[in-house]
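Working notes, structure below.
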Amino acid sequence: MTSEEAQRELLDIFILTAILCAKIRKLSNSRIRKDRDIPGAYIEGREVIEKLSTPEILDSVNRILENNPSLLEEKSASLVDILGVTYL
């Protein structure tokens, strides 16, 4: 990897981290309607983040990606579209 490639990778990490933080903050501060037919039935976004951040869930996601790296490659194409970056 060249120095320029490494710098691009670091920039990608920075951008993705900023996006991730913004999305976690947005979800953490939200109230999610549990069922739109039942008024007042909400789930706190903070609870969703806590459930998705357990070591078991993260380990499961990592195992899935390790066993099928093409899934990550498919999502990388989506990130290219979102970020407008062509070197992911």
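The values are calculated or read from the model by the stated rules, or taken from the named source; none is laboratory data. From a predicted model like this one, the values you see are computed outputs, not experimental measurements. Backbone-built Cβ (ideal geometry, glycine too); neighbour counts: all protein chains shown.
Quick notes
- Cβ-Cβ distances below 9 Å connect the following pairs, each with a first residue in region 8-33 that is surrounded by fewer than 12 Cβ atoms within 10 Å (Cβ to Cβ), a second residue that is among the acidic types (Asp, Glu), and a separation of six or more residues or different chains: Arg31/Glu44.
- Qualifying residue in region 40-50 (condition: exposed (fewer than 12 other Cβ atoms within 10 Å of the Cβ), at pLDDT below 80 and more than 17 Å from the chain's Cα centre (by Cα)): yes
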